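K.L.:
Supplied in structure tokens, the structure appears directly below.
The values are calculated or read from the model by the stated rules, or taken from the named source; none is laboratory data. This one's a predicted model, so the numbers in the text were calculated from it and none came from an experiment. We place every Cβ from the backbone using ideal geometry, glycine too, and count neighbours over all the protein chains shown.
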Amino acid sequence: MFAQHKHIPHMKDIETEETRTGLGGLWGNKGAVSIRLSLYGTGAVFVCSHLAAHDKKLNERIEDYHQIVDNHKYHVSGYRRIFDHDFVFWLGDLNFRLTGDMSAWDVRSAVEHGRYEELLKLDELVLMRETGNAFSLLEEQLPTFAPTFKFIEGSNEYDIKRRPAWCDRILHRVQANSYPAITLSAQQLSYQSNMEYTLSDHKPVSATFSYKIEANNLTYTDEELHEMTHGAASTVSNVSVLGFITIIVFNAVFQF
């Protein structure tokens, strides 16, 4: 995680967590790491995970997700768990595949003809968010790029030993209107795959967000903003734009 120097004085209470889910929790080849911090008085957490692989392993992916949510605990008042945070960003090789029995050849043909919308109706992550089984508290801008798995290493050609799928994803959540005098938002500016990388059988994905805090027309310190969000109840009204802080939250490349 990198930050511009001007933001560093406003980054506090940094903590990390990890969960191993490979081989019953013994191996770290699957699982997640997270980093949380107080940023301009608000709470932000970034989770990067690698969930169970292969078709027919949907239940294992769901179990991995819930285990990560249950296990990641922090020590900052008001931000003890992942979804206590004002801003949540969850990214990585989530390994969700397509439901149904389309062959690898048929999926590749659909991709070549740009039928992404048709394929995304079969996407496990989309379906799990809709049913509430996993990731339902997070939002995703649906991919407009080709599936990022599985490629022949060193090329941009699909390896049809596996059905193409959108394994690599970036999701987010913002508690936008939870406080009487503060409005939070994170506008997604981009979401793309990066086809120029060929070292892996995955294509890395990246996203850019504009992070915005709107507060009362008074000037608050980071500590006062934290008090207004997760401390004593605030009675301040007349919300107006204090000025917005724009931070490129991440532009990350994943290679699994």
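K.L.:
Can you tell me which residue in region 92-117 is farthest from ASP55 (Cα to Cα), limited to those that are among the polar types (S, T, N, Q) and touching a residue at least 12 places away in the same chain (Cβ under 8 Å)? Break it down into steps so the answer makes sense when it comes.
P.N.:
To start, the set of residues in region 92-117 that are among the polar types (S, T, N, Q) comprises 95, 99, 103, 109.
This time we only want the ones that are touching a residue at least 12 places away in the same chain (Cβ under 8 Å), so: 95, 99, 103.
Values: ASN95: 9, THR99: 8, SER103: 12 Å.
Taking the candidates together, the pick is SER103.
Conditions (1) touching a Phe, Trp or Tyr at 6+ places or on another chain (Cβ under 8 Å); (2) closer than 22 Å to LYS57 by Cβ, marked per residue:
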residue: ASP106; (1), (2): no, yes
residue: SER136; (1), (2): no, yes
residue: GLU139; (1), (2): no, no
residue: PRO147; (1), (2): yes, yes
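K.L.:
So, in region 129-160, exactly how many residues are among the aliphatic types (A, V, I, L, M), over 21 Å from PHE87 (Cα atoms) and crowded, with 18+ Cβ neighbours inside 10 Å?
P.N.:
Step one: filter region 129-160 for residues among the aliphatic types (A, V, I, L, M), giving 134, 137-138, 142, 146, 152, 160.
Now narrow it down to the ones that are over 21 Å from PHE87 (Cα atoms): 146, 152, 160.
Now restrict to residues that are crowded, with 18+ Cβ neighbours inside 10 Å: 146.
Final tally of qualifying residues: 1.
K.L.:
From ALA110, ALA44, ALA104, grab the single residue that is modelled with pLDDT under 95 and aliphatic (A, V, I, L, M). Steps first, answer last, please.
P.N.:
Values: ALA110 fails: modelled with pLDDT under 95; ALA104 fails: modelled with pLDDT under 95.
Going through ALA110, ALA44, ALA104 in turn, the sole match is ALA44.
K.L.:
So, in region 1-42, how many residues would count as being farther than 30 Å from LEU122 by Cα and more than 15 Å from the chain's Cα centre (by Cα)? Show your work before the answer.
P.N.:
Let us first name the residues in region 1-42 that are farther than 30 Å from LEU122 by Cα, namely 1-18, 26-27, 35-42.
This time we only want the ones that are more than 15 Å from the chain's Cα centre (by Cα), so: 2-18, 26-27, 37-42.
Final tally of qualifying residues: 25.
K.L.:
Determine if region 137-157 includes at least one residue that is outside any loop (DSSP other than H, G, I, E, B), closer than 22 Å to GLY31 by Cα and among the charged types (D, E, K, R).
P.N.:
Residues of region 137-157 that are outside any loop (DSSP other than H, G, I, E, B), as a first pass: 139, 149, 151.
Those left that are additionally closer than 22 Å to GLY31 by Cα: 139, 149.
Adding the requirement that they be among the charged types (D, E, K, R) leaves 139.
Yes, some residue in region 137-157 is outside any loop (DSSP other than H, G, I, E, B), closer than 22 Å to GLY31 by Cα and among the charged types (D, E, K, R).
K.L.:
Quickly run through region 117-128 and pick out the residues that are crowded, with 18+ Cβ neighbours inside 10 Å and not hydrophobic (A, V, I, L, M, F, W, C).
P.N.:
Scanning region 117-128 gives ASP123, GLU124.
K.L.:
Name the single residue that is nearest to the chain's Cα centre (by Cα) among those in region 118-136 being touching a residue at least 60 places away in the same chain (Cβ under 8 Å) and assigned to a loop (DSSP other than H, G, I, E, B).
P.N.:
Taking region 118-136 and keeping what is touching a residue at least 60 places away in the same chain (Cβ under 8 Å), we get 124, 128, 133-135.
Among the residues that remain, those that are also assigned to a loop (DSSP other than H, G, I, E, B) are: 133-135.
Details: ASN133: 17, ALA134: 13, PHE135: 10 Å.
Applying the filter and picking the extreme gives PHE135.
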